[in-house]
Amino acid sequence: GAVVSQHPSWVICKSGTSVKIECRSLDFQATTMFWYRQFPKQSLMLMATSNEGSKATYEQGVEKDKFLINHASLTLSTLTVTSAHPEDSSFYICSARAFFGQGTRLTVV
Amino acid sequence: DAKTTQPTSMDCAEGRAANLPCNHSTISGNEYVYWYRQIHSQGPQYIIHGLKNNETNEMASLIITEDRKSSTLILPHATLRDTAVYYCIVGGGAGGTSYGKLTFGQGTILTVHP
């Protein structure tokens, strides 16, 4: 079946630095991908819709300048957390079609 | 997107069938019912989805009522590894503009015990 791969699985970064997370569709092309965030003991919250060849669409309350999304090809979307702070520590998950990546655990120290 | 209502938690004995209910009374005519599960620190795993008819695959069965206002996910022979949070979500189907854009509720914590 369709597979979505996310990298890295986990990352630790220093406060103030930026972190890039990749999301790839492995056996299909995806003009649209989605990015979610999940805090401990909470459900997934949609952050933004990544659109191939155009700007991402962000959900209310999500800072577009902080969470940069690039969807440069039909199989790759990237999420860059800029100037990360401890409150950005979370589980970030991407999806394409109805399938999800394995998630990226971000810890900002 | 239509909202769903699920019990907060359920228990099931290993080897028995687990029946997880979901209410989606405001579902629109072109919305599908999707089921996912999430094991701690992993991305959601797709289980099954359906529009009107009952569906079955190697993981589970999905029973949708005739009025489509509710559904039940059935794990026929639950194992300890089926312990997870199960999410019932309604959303657009393939080809639609909202395909894959899913709104997660709190889900049902299913605990399978020996």
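The values are calculated or read from the model by the stated rules, or taken from the named source; none is laboratory data. Note that the structure is predicted; figures quoted are calculated from it, not measured. We work out accessible area using only protein heavy atoms, side chains counted, and drop any ligands, DNA or RNA first. Shrake-Rupley method; radii C 1.70, N 1.55, O 1.52, S 1.80 Å.
Values as computed for the structure displayed
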{"read-out": "³J(HN,Hα), Karplus 6.51/-1.76/1.60, whole Hz, each residue of region A:96-106, x for Gly, Pro", "value": "9, 6, 9, 10, 10, x, 7, x, 10, 8, 9"}
{"read-out": "Portion, in percent, of the accessible area of the protein assembly as shown that falls on carbon or sulfur, probe 1.4 Å", "value": "50 percent"}
{"read-out": "Cα radius of gyration and Dmax for the protein assembly as shown (Å)", "value": "17.7, 54"}
{"read-out": "Chain A: translational diffusion in µm²/s, Stokes-Einstein, Kirkwood Rh over Cα pairs, 37 °C, 0.692 mPa s", "value": "240 µm²/s"}
{"read-out": "Accessible solvent surface per residue of the protein assembly as shown, calculated while the other protein chains remain in place, 1.4 angstrom probe, Å²", "value": "51 Å²"}
{"read-out": "Heavy-atom accessible surface that B and A bury in contact, both chains counted, 1.4 Å, Å² to 100", "value": "1400 Å²"}
{"read-out": "Cross-link table A:K66/B:K101; A:K14/B:K3; A:K55/B:K69; A:K20/B:K69, entries beyond 31 Å C-alpha to C-alpha", "value": "A:K14/B:K3; A:K55/B:K69; A:K20/B:K69"}
{"read-out": "Where the Cα pairs of region B:34-99 fall when distances are cut into 10 Å bins, in %", "value": "19, 50, 27, 3"}
{"read-out": "Pairwise centroid distance, computed over Cα atoms, of region B:48-85 with region A:47-77, Å", "value": "32 Å"}
{"read-out": "Cα pair distances in chain B, grouped into 10 Å bins until the bin that holds the longest one, percent each", "value": "15, 49, 30, 5, 0"}
{"read-out": "Most mobile of A:L74, A:L46, A:L26 in a GNM of chain A (Cα contacts under 10 Å)", "value": "A:L26"}
